[in-house]
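K.L.:
Structure below; questions to follow.
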Amino acid sequence: MSITRRHLLKMGAMAGAGLALPLGAISVPVGRLAASSSVRSPGVEPFTVPLPVPPVTKPAHVHGGADYYEMVQKAARQEILPGLKTEVWGYDGVFPGPTIEARRDRPVVIRQWNELPVPVSVHLHGGKTPPGSDGYPTDLILPRGHDPGAHAHAGHGSAGKHAHMFKDYSYPNAHRAATLWYHDHRMDFTGPQVYRGLAGMYILRDDVEDSLPLPKGDKDVPIVICDRTFRDDGSFYYPSLDPTLQEEPGVLAHAANGMFGDTILVNGAPWPLLEVSNTMHRFRILNASNARSYDLALDPPPPGEKAFVQVGSDGGLLEAPIRHDRIAAAPAERFDVIIDFSRYPVGAEVTLTNIGGEGKTRDVMRFVVARGEKEESAVPERLAPDLDFPDPGNVEVTRRFQFIAGVFGGMSAINQKVFDPDRIDARPRLGSTEVWEIFSDPSHPFHMHLVHFKVLSRDGGPPGPYDAGWKDTVSLRGGTVRVAVRFEGWRGKYVFHCHNLEHEDMMMMANFEVV
Ligand code: C2O
Ligand code: CU
Ligand code: CU
């Protein structure tokens with residue numbers, strides 16, 4: 001009999017009963033990781049596949065100042081590795097999913113149809129979304145076979161008959177311009193379902209951003225980075241402790257550190273190549289990996305200057321640009337950066353590398369400075385008006401959470417408790433500001449739904465170089481991070497969790513309810 005979530009829960013309850021957890025205690029079934037790492041993806045010659053840009057999808061109709069989309073989640077075969085076909089589970093059958101272009105204060109409604117064999121839930125990461133549309137992990141769109149009233153090919157007209165096969169998600173977009181993304185959020189299965197392809201970009205724009213001379217059009221490029229391992233036939237490899245399971249819950253895979261692939265994909269292509277002119281380009285970097293963090297640099301570095309000019313974070317434009325030699329991006333973080341290719345001669349090859357990677361995962365993609373062109377963009381020293389950060393002097397409540405991996409026979413926990421959809425761990429008041437102090441062991445990417453936050457400190461010192469601006473995900477780096485959060489938007493129940501998706505599936509997640 002396979003290990004079930006229930007067994008693990010029981011183990012957890014037993015372990016939790018009389019156990020004082022020494023910090024750093026790790027009890028994971030490490031032996032089970034060995035098998036997975038023996039799988040090697042088919043080789044690909046790096047920097048040969050052109051960088052694809054995910055298609056921008058169009059609304060099915062426009063009505064009353066809102067954009068209405070229809071998306072079908074389905075399986076499809078896609079050429080990811082040259083000459084091989086991979087079955088992906090994609091929004092509209094593509095991986096990464098189509099990009100949604102949204103405007104501030106112009107609502108978007110997406111009707112999501114589920115034609116996959118499994119339940120799904122869609123979350124707009126970084127969105128200020130009412131609770132019914134936030135993609136709560138148990139708020140599922142069931143697959144066709146699970147719907148007792150559904151006919152095989154029912155039309156759009158008889159919505160009542162298959163109410164579970166689609167769901168309308170409403171996004172008010174009452175938020176400044178920012179790079180968001182949408183992805184699956186099904187309880188226990190987010191890791192494997194995102195891994196199979198259920199993730200896409202959602203770009204929110206506004207007039208403030210439009211008025212800036214930043215690179216635009218085809219010089220504003222989404223860069224969705226993730227890692228995957230493939231079997232010899234091109235199929236995605238996602239290990240499960242029990243290979244006979246039809247579905248492979250993330251809760252069972254790679255208990256310790258999450259799923260690490262050996263092939264780096266950008267916008268769904270392995271180590272791709274992008275030809276650029278010798279001008280500034282804006283890259284909206286999203287780390288959409290299940291577990292891998294990246295430490296990005298340019299090789300060769302531009303002579304005498306920092307490689308990247310950061311103009312935006314998870315929550316949109318910074319007040320002023322920040323220059324970096326490296327960009328460290330944990331899962332789900334976004335970094336909006338300008339690279340100025342005029343610092344290289346025409347003909348130069350510039351590799352985006354991952355300093356932290358080993359072997360092939362040290363490479364991400366390559367730029368070739370293919371031609372000269374007149375510069376039409378600039379990076380102003382003032383990007384956005386006052387970001388109106390919460391005032392930490394005005395705080396009603398301070399809460400403390402510990403994110404510790406590998407407890408309870410491989411589960412992960414927050415304050416020594418595993419996720420329970422029925423337990424509320426914090427009840428912030430609508431409109432209030434709180435300080436959340438999060439301790440981690442080892443590092444975990446901490447994410448809150450509904451809100452953005454301001455990083456106040458790390459281990460008692462100042463915030464780190466990648467903590468600027470409004471954030472919704474922050475890499476805890478095995479220490480204590482304090483953030484200030486203003487609870488605005490809606491009352492209701494939302495999750496916060498580790499964005500290492502295997503940790504999330506191993507129940508490193510909890511609820512807050514805005515009251
Ligand atoms: Cu990006 Cu709760 O998720
Ligand atoms: Cu989120
Ligand atoms: Cu974690």
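The values are calculated or read from the model by the stated rules, or taken from the named source; none is laboratory data. Keep in mind that what you see is a predicted model, and the values were worked out from it rather than measured. Because the Cβ atoms are built from the backbone with ideal geometry, glycine has one as well, and the counts that use them run over all protein chains shown. The accessibility values were calculated without ligands, DNA or RNA, using every heavy atom of the protein model including side chains. Shrake-Rupley method; radii C 1.70, N 1.55, O 1.52, S 1.80 Å.
K.L.:
Within region 405-418, can you find the residues that are open to solvent by less than 10 Å² (accessible area, probe 1.4 Å) and either modelled with pLDDT of 90 or more or not polar (S, T, N, Q) (or both)? Outline the logic, then answer.
P.N.:
Taking region 405-418 as the starting set, the residues that turn out to be open to solvent by less than 10 Å² (accessible area, probe 1.4 Å) are 405-407, 410-414.
Correct list: 405, 406, 407, 410, 411, 413, 414.
Yes or no, residue by residue, for (1) more than 16 Å from ligand 2 (Cβ to nearest atom); (2) in a strand (DSSP E or B); (3) open to solvent by 40 Å² or more (accessible area, probe 1.4 Å); (4) farther than 19 Å from residue 452 by Cβ:
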residue	(1), (2), (3), (4)
82	yes, no, yes, yes
105	yes, no, yes, no
127	no, no, no, no
132	no, no, yes, yes
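K.L.:
Further, regarding this structure: Could we say that residue 322 is among the β-branched types (Val, Ile, Thr), open to solvent by 20 Å² or more (accessible area, probe 1.4 Å) and either closer than 22 Å to residue 381 by Cβ or within 16 Å of ligand 3 (Cβ to nearest atom) (or both) here? Before you say what the answer is, go through the steps one by one.
P.N.:
Numbers: among the β-branched types (Val, Ile, Thr): yes; open to solvent by 20 Å² or more (accessible area, probe 1.4 Å): yes; either closer than 22 Å to residue 381 by Cβ or within 16 Å of ligand 3 (Cβ to nearest atom) (or both): yes.
Answer is yes for this residue.
K.L.:
For region 167-188, what are the residues that are among the charged types (D, E, K, R), assigned to a strand (DSSP E or B) and surrounded by fewer than 24 Cβ atoms within 10 Å (Cβ to Cβ)? Step through it out loud before you land on a result.
P.N.:
We begin by selecting, within region 167-188, every residue among the charged types (D, E, K, R); these are 167-168, 176, 184, 186, 188.
Still in the running and assigned to a strand (DSSP E or B): 167-168, 184.
If the condition is that a residue be among the charged types (D, E, K, R), assigned to a strand (DSSP E or B) and surrounded by fewer than 24 Cβ atoms within 10 Å (Cβ to Cβ), then 167, 168 are the ones that fit.
K.L.:
With the requirement that a residue be within 16 Å of ligand 1 (Cβ to nearest atom) and assigned to a strand (DSSP E or B), what does region 316-333 give you? Give the derivation first.
P.N.:
Taking region 316-333 and keeping what is within 16 Å of ligand 1 (Cβ to nearest atom), we get 329-333.
Within region 316-333, 329 is the sole residue that qualifies.
K.L.:
Which one is nearest to ligand 1 (Cβ to nearest atom) among residues in region 173-190 that are in contact with a Lys or Arg (Cβ under 7 Å, 6 or more places away or on another chain) and either closer than 22 Å to residue 384 by Cα or hydrophobic (A, V, I, L, M, F, W, C) (or both)? Give the derivation first.
P.N.:
We begin by selecting, within region 173-190, every residue in contact with a Lys or Arg (Cβ under 7 Å, 6 or more places away or on another chain); these are 173-177, 179, 188.
Next cut, either closer than 22 Å to residue 384 by Cα or hydrophobic (A, V, I, L, M, F, W, C) (or both) only: 173-177, 179.
Values: 173: 17, 174: 19, 175: 16, 176: 19, 177: 19, 179: 13 Å.
Among them, the one singled out is 179.
K.L.:
If the requirement is being more than 17 Å from residue 97 (Cβ to Cβ), modelled with pLDDT under 95 and out of contact with any strand residue (DSSP E or B) (no Cβ under 6 Å at 6 or more places or on another chain), which of these qualifies: 65, 31?
P.N.:
31
K.L.:
When residue 402 is evaluated against the numbered criteria (1) farther than 30 Å from residue 510 by Cα; (2) free of Cβ contacts under 8 Å to residues at least 40 places away in the same chain, which criterion, by number, is the only one it fails?
P.N.:
Only one criterion in (1) farther than 30 Å from residue 510 by Cα; (2) free of Cβ contacts under 8 Å to residues at least 40 places away in the same chain is unmet by residue 402, namely (1).
K.L.:
On to the next question. With (1) at pLDDT 95 or above; (2) surrounded by fewer than 23 Cβ atoms within 10 Å (Cβ to Cβ); (3) at positive phi; (4) of a type outside the set (S, T, N, Q) as the list, and residue 359 as the residue in question, which single condition is left unmet?
P.N.:
Every condition holds for residue 359 apart from (1).
K.L.:
In this structure, is residue 461 away from ligand 1 (no atom under 16 Å from the Cβ) and either more than 22 Å from the chain's Cα centre (by Cα) or more than 21 Å from residue 319 (Cβ to Cβ) (or both)? Show your work before the answer.
P.N.:
Values: away from ligand 1 (no atom under 16 Å from the Cβ): yes; either more than 22 Å from the chain's Cα centre (by Cα) or more than 21 Å from residue 319 (Cβ to Cβ) (or both): yes.
So residue 461 passes the test.
K.L.:
Filter region 225-237 for residues that are outside any loop (DSSP other than H, G, I, E, B) and either polar (S, T, N, Q) or open to solvent by 10 Å² or more (accessible area, probe 1.4 Å) (or both) and give the result. Reasoning before the result, please.
P.N.:
First pass over region 225-237, keeping only residues outside any loop (DSSP other than H, G, I, E, B): 225-228, 230, 236.
Matches in region 225-237: 236 only.
K.L.:
For region 435-515, give me every one of the strands (runs of 3 or more DSSP E) that falls completely inside it and has 1 or more residues that are touching a residue at least 60 places away in the same chain (Cβ under 8 Å) and open to solvent by 20 Å² or more (accessible area, probe 1.4 Å). Working first, answer last.
P.N.:
Numbers: elements: 445-448, 453-458, 473-475, 480-486, 492-498, 509-514.
Passing ranges, in order: 453-458, 480-486, 492-498, 509-514.
K.L.:
List every residue pair whose Cβ atoms lie under 7 Å apart, where the two residues are 6 or more positions apart in sequence or sit on different chains, the first residue falls within region 57-83 and is touching a residue at least 60 places away in the same chain (Cβ under 8 Å), and the second residue, located anywhere, is among the polar types (S, T, N, Q) and buried (at least 16 other Cβ atoms within 10 Å of the Cβ).
P.N.:
Every condition considered, the pairs that remain are 73/112; 73/114; 78/86; 80/86.
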